[in-house]
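Following: one structure in structure tokens, then a few remarks.
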Amino acid sequence: MKLLTERYAGRILGTLSCYDRILIQGTLPGFCYADGMTSFLNANNIRIFDYPRFAEPLRNELRESAEQIAKENGLEIEFIRKKNFRKEDRIQGILEKRGNHPGLVHIFSAMEPCPSYKPWHNKQTHRTYLKPTEGKCLHYYFYFIDEELGLCYVRVPTWCPFRLQIYFNGHNWLAAALRKQGIKYTLIDNAFVNIDSFTTAQNLSHELIVAIIHRRLDTFAERCCPIIKRFNLSYHWSIMQAEYATDIVFKRQQDLQLIYGHLTRTAIHTVKPDNIATFLGRKLNGNYQDEMGNNFNTRIEGTRIKHTMGSVSIKMYDKFGLILRIETTVNDVSFFKHYRKVEHRDGTHSEKWAQMKKGIYSLSALQKLLLAANHRYLQFISAIDDVSVGISKLNKISKTVTENDRSYKGFNFFTEDDQMVFEAIASGQFNISGFQNKHLRHKLWGKTSAQISRTIKRLHAHGLIRKIGHTYKYYLTKFGYHVITIGLKLKELVIIPQLAAQLTPACKTYFLP
């Protein structure tokens, strides 16, 4: 099966996979939980009910610091009063006049919700401690251009526990790395529309060094939240949100538009829950409770299709009519599992599959998982687009084959039995772990073990599945995956594009657990 990047090689400038939006949260050890804050106050002989008196001077110090930073840079802090105010648009307007040289760009302030604590005395246990609560406080947004990370912002609340939020864009970071290498590029918004060497850019993208990012984050915190020096504390950084994009950059808009509408409007109907789970490297089971669904809508920038599984989504859309972007977004990195060292309570450790940690040092491992998700999606849409090749392969499997003097009849997608077999083995849950005779018996009701064995032999003879040596486990071959994907979608591929043209601008599909 040829991917889109191979099939349209003459029309494509290059491809690039890179982190896009990265949102980091900073928490202070001892301050980030109510129990820790209670212990801190007790250790420093501060009464629990004097907590507001403890926090107020720190708030005032942060305000004075923000005003001093603004004065030193010849800026005025802009207070945001409207709810629908877009900070990004305001910053873009400033950058057009200011330029993109490093330094402070602007400072916003706004009253926004923030986590906090309130003193509490438990009459039953006679304990006095802090309880978590929600409130509002003044927040500062420091927008600046960093030499290494590009345009960033630091969101600083002025009330304890002072949880920071830092944003930067992986494309800006890569642009800085390309400049150091002397490689010319054209970056519009958060997308490269041209690079002298896409191969070098891709290699640099894979060399994301988290230790360097860590040092930059510590520097940002010291500059924008100087109160941490008073307590001799440093922030712990964790991943709030990460987006990883794979861009296929076309030479001309018309080349992308020839295939883009067909891909998006067909995928909205062909992507099922099992497919979404497979894209994200998960196995869908009957106990899954989170929301899953497809969303297709038309925006000012163009159309977009989005597939959601809990806290993770994978999207496909076009940028500037030149770039086909596949982007996986994760809001909780513990959604993913990977092979890592796990520390046990008794002090020992072992290597095993475990949920991903939320710390920033998971960015390197997360990059590989998100890249794999994008690649699986690219494989899927490549099968959708390559209709002519798929049809020729359908003809091939419809013919009888002979193996060891025994004939095995071809398959027919328009017979109920064969279609049920294909739907069973193409189930997303088998793409990762494979299937056995017993698994198909659960899918194909009424079939005996002997009947399933003959069906498996027939699939094997036609080259649709392969057996793992010395096991009874089978996987779809590349040929099998391609031909079955096309075969099962043949009716939809012929009919649905015509129906999809009549779709309203927004179309949503939700899969209930």
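Things to note:
- Square roots of 5 times each gyration tensor eigenvalue, C-alpha, the chain, largest first, Å: 50, 30, 20
- 16 Å reach of a label modelled at residue 358, 7 Å along Cα-to-Cβ, counting backbone N of the stretch 149-186: 161-166
- Pairs of Cα atoms farther than 17 Å apart, the stretch 407-458, %: 33
- On a per residue basis, the convex hull of the C-alpha atoms belonging to the stretch 186-332 measures out at 175 Å³.
- Part-to-part distance (alpha-carbon centres) for the stretch 204-277 and the stretch 78-156, which is given in Å: 20
- For the residues 143, 33, a 1.4 Å probe over the protein chains yields an accessible-area ranking, largest first, of 33, 143.
- Residue-averaged 222 nm ellipticity for the chain, from DSSP H runs of 4+ at -39500 (n - 2.57), nearest 500: -12500 deg cm²/dmol
- On Cα atoms only, tilt of 478-500 relative to the major axis of the chain in degrees: 80
- Residue 468 paired with residue 184, simple spin-label distance in nm, labels 7 Å along Cα-to-beta-carbon: 5.1
- Angle between the chain longest axis and helix 449-461 axis [Cα atoms, degrees, rounded to 10]: 90
- Full extension of the chain segment joining residue 111 with residue 39 gains 23.0 nm, where the gain is 0.36 nm per residue of separation less the Cα-Cα distance.
- With Cα atoms, 0 to 90° folded angle of helix 416-425 axis to the chain main axis: 40
- Per residue, the average separation of C-alpha pairs within less than 8 Å and at least 6 apart gives the stretch 68-200 a relative contact order of 16 percent.
- The label-point distance for residue 209 and residue 351, in a model that sets each label 7 Å from Cα toward Cβ, rounds to 2.6 nm.
- Extension gain for residue 68-residue 218 works out to 52.0 nm (0.36 nm per residue, less the C-alpha to C-alpha distance).
- R0 of 45 Å, Cβ-Cβ distance residue 451-residue 11: FRET efficiency to nearest 0.05: 0.40
- Remark: accessible surface ordering of 308, 186 (largest first) is 186, 308, probe radius 1.4 Å.
- Residue 2 versus residue 433: modelled label distance in nm, points set 7 Å from Cα along the beta carbon direction: 3.7
- Percent accessible area from carbon and sulfur atoms, the stretch 22-64, protein chains only, probe 1.4 Å: 46
- The stretch 433-490 - percent of accessible surface contributed by carbon and sulfur, probe 1.4 Å: 55
- Solvent-accessible heavy-atom area per residue, rounded to whole Å², over the chain at 1.4 Å: 51
- Overall form of the stretch 2-109 per C-alpha gyration tensor (a/c, 1.5; a/b vs b/c): oblate
- Comparing Cα centroids, the stretch 342-372 and the stretch 4-53 end up 17 angstrom apart.
- Whole-percent carbon and sulfur share, accessible surface of the stretch 150-200, 1.4 Å: 44
- Rounded if a/c under 1.5, otherwise prolate or oblate - the stretch 401-490, Cα gyration tensor axes: rounded
- Prolate/oblate/rounded label for the stretch 74-161 (Cα gyration tensor, a/c 1.5): prolate
- Using the Cβ-Cβ distance between residue 100 and residue 136 with R0 set to 35 Å, the FRET efficiency works out to roughly 0.55.
- With all protein chains modelled, accessible area of residue 6 [1.4 Å, Å²]: 100
- With contacts taken as Cα pairs under 8 Å at a separation of at least 6 residues, the chain carries a relative contact order of 16 percent.
The values are calculated or read from the model by the stated rules, or taken from the named source; none is laboratory data. Treat the numbers as computed from the prediction; the structure is a model and nothing was measured. So basically every Cβ, Gly included, is an ideal-geometry build from the backbone, and we count neighbours across all protein chains shown. Only protein heavy atoms, including side chains, enter the accessible area calculation; ligands, DNA and RNA are left aside. Shrake-Rupley method; radii C 1.70, N 1.55, O 1.52, S 1.80 Å.
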